[in-house]
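Here is the structure we will look at.
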Amino acid sequence: QVQLVESGGGWVQPGGSLRLSCAASGSIFSLNAMGWYRQAPGKERELVAAVTRGGRTNYADSVKGRFTISRDNAKKSVYLQMNSLKPDDTAVYYCNAGIVRNWGTGEDYYWGQGTQVTVSS
């Protein structure tokens with residue numbers, strides 16, 4: 001069984017900062033790309049940022065320069081530092097990871113349970 005557990009969401013005023021964390025646990029042979037998605041009410045889930053196993057990053061245009069994704073392979077964790085938050089960043093944020101559970105098997109994608117981020121005054 002593989003689990004992704006997120007933490008760090010909450011309420012913050014515009015211009016504030018939050019740091020999200022996501023830790024993978026369970027039977028993991030290889031932890032590949034990891035990322036953060038978000039879904040606002042009435043909208044589709046969208047990619048916020050992603051990082052490969054080697055550290056290459058990719059960001060949505062809407063968060064470039066404000067958000068930073070990082071990972072710690074030893075801790076099987078990925079983080080999202082969010083600065084200069086705006087009301088439009090309000091959403092449920094989901095962690096996602098590509099995981100190979102055993103040698104010789106394929107990659108599956110797993111999701112965390114989601115953490116709410118609310119930006120308002």
Check your understanding: Would you pick out the residues in region 31-58 that are open to solvent by less than 50 Å² (accessible area, probe 1.4 Å) and either out of contact with any strand residue (DSSP E or B) (no Cβ under 7 Å at 6 or more places or on another chain) or hydroxyl-bearing (Ser, Thr, Tyr) (or both)?
Key -> 52, 55
Practice item. Sort through 51, 92, 63, 119 and tell me the only one that's touching a helix residue (DSSP H, G or I) at 6+ places or on another chain (Cβ under 7 Å) and among the aliphatic types (A, V, I, L, M). Key: 119
Exercise for review: Those residues that are touching an Asp or Glu at 6+ places or on another chain (Cβ under 8 Å) and farther than 24 Å from residue 118 by Cβ, I need them from region 31-65; list them, please.
Suggested key: 32
Review point. List pairs: first in region 92-116 and free of Cβ contacts under 8 Å to residues at least 24 places away in the same chain and within 16 Å of residue 51 (Cβ to Cβ), second open to solvent by less than 80 Å² (accessible area, probe 1.4 Å) and not aliphatic (A, V, I, L, M), Cβ under 6 Å, 6+ apart or cross-chain?
Key: 109/98
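Considering only region 6-17, state which residues are assigned to a strand (DSSP E or B), under 30 Å from residue 108 (Cα atoms) and open to solvent by 30 Å² or more (accessible area, probe 1.4 Å).
7
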**Study point:** Of all residues in region 80-97 being part of a strand (DSSP E or B) and either farther than 23 Å from residue 64 by Cα or among the hydroxyl-bearing types (Ser, Thr, Tyr) (or both), the one that is most open to solvent (accessible area, probe 1.4 Å)
**Key:** 94
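The values are calculated or read from the model by the stated rules, or taken from the named source; none is laboratory data. Note that the coordinates shown come from a computational prediction; the quantities given were computed from them, not determined experimentally. Note: ideal-geometry Cβ built from the backbone for every residue, glycine included; neighbour counts use all protein chains shown. The protein model used for the area step is the full one, side chains on, heavy atoms only, and it has no ligands, DNA or RNA in it. Shrake-Rupley method; radii C 1.70, N 1.55, O 1.52, S 1.80 Å.
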